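Input: a single structure, listed below in structure tokens.
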Amino acid sequence: MRILILSLLLLVITANTDAQEVKIAVQLNHTAIYVKDLQKSAFFYEHVIGLDTIPEPFRIGRHKWFRTGPKMALHIILGATELKEYYKNQHTCFSVSDMQSFVARLKKNNVVFEDVNGNQGAITKRVDGVQQIWFRDPDGYWIEVNDARE
């Protein structure tokens, strides 16, 4: 009888412990893209987009890392053998403090941009006033840039 009572007590304690889910903090650490020409892509993200480089631990000539926000990074990895077509809705978005200056930088670097409907050289203005543009990086990945404050 004691064994039965102890077994039931243990079962209740175990079931109760399983019911108490521990809240685990999760945050975005990095995104990675696979590229055909590492130097071309690194130049684009550093000089056209304007991201700062950060150290990468491998040092084998196949990676470039960029800071994209607090505790967040973009990892560019060499190895793609061909360029691919990507959906516009699958994109990375960066926010800028001055859309007109950013657009001028794109034009200076001969980067073609468009609005949400695909009109070249146009800027979308959302109902909340945020301006948006879209363009592709050297490997065809879509990028959105907006001037959202948050």
* How many residues does region 22-53 contain that are part of a loop (DSSP other than H, G, I, E, B) and within 14 Å of Gly140 (Cα to Cα)? -> 2
* To do: With respect to Phe94, determine if the residue is at pLDDT 95 or above, in a helix (DSSP H, G or I) and surrounded by 10 or more Cβ atoms within 10 Å (Cβ to Cβ).
  => no
* Going by the structure shown, is Glu150 over 14 Å from Phe44 (Cβ atoms), among the acidic types (Asp, Glu) and either outside any loop (DSSP other than H, G, I, E, B) or within 13 Å of the chain's Cα centre (by Cα) (or both)? -> no
* **Those residues of region 86-111 which are under 21 Å from Ile76 (Cβ atoms) and among the hydrophobic types (A, V, I, L, M, F, W, C), in sequence order** => Cys93, Phe94, Val96, Phe102, Leu106, Val111
* Asked: Can you tell me how many residues in region 124-142 are over 14 Å from Glu114 (Cα atoms) and among the β-branched types (Val, Ile, Thr)?
  -> 2
* To do: Tell me, please, whether a residue that is within 17 Å of His30 (Cβ to Cβ), touching a residue at least 24 places away in the same chain (Cβ under 8 Å) and either outside the structural domain of Ala32 (by TED's automatic domain parsing) or among the aromatic types (Phe, Trp, Tyr) (or both) can be found in region 94-103.
  => yes
* Asked: Mind checking which residues of region 46-83 are touching a Gly at 6+ places or on another chain (Cβ under 9 Å) and under 27 Å from Lys108 (Cβ atoms)?
  -> Leu78, Leu83
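The values are calculated or read from the model by the stated rules, or taken from the named source; none is laboratory data. Note that this is a predicted model, so its numbers are computed, not measured. Here the Cβ is made from the backbone with ideal geometry for all residues, glycine too, and neighbour counts use every protein chain on show.
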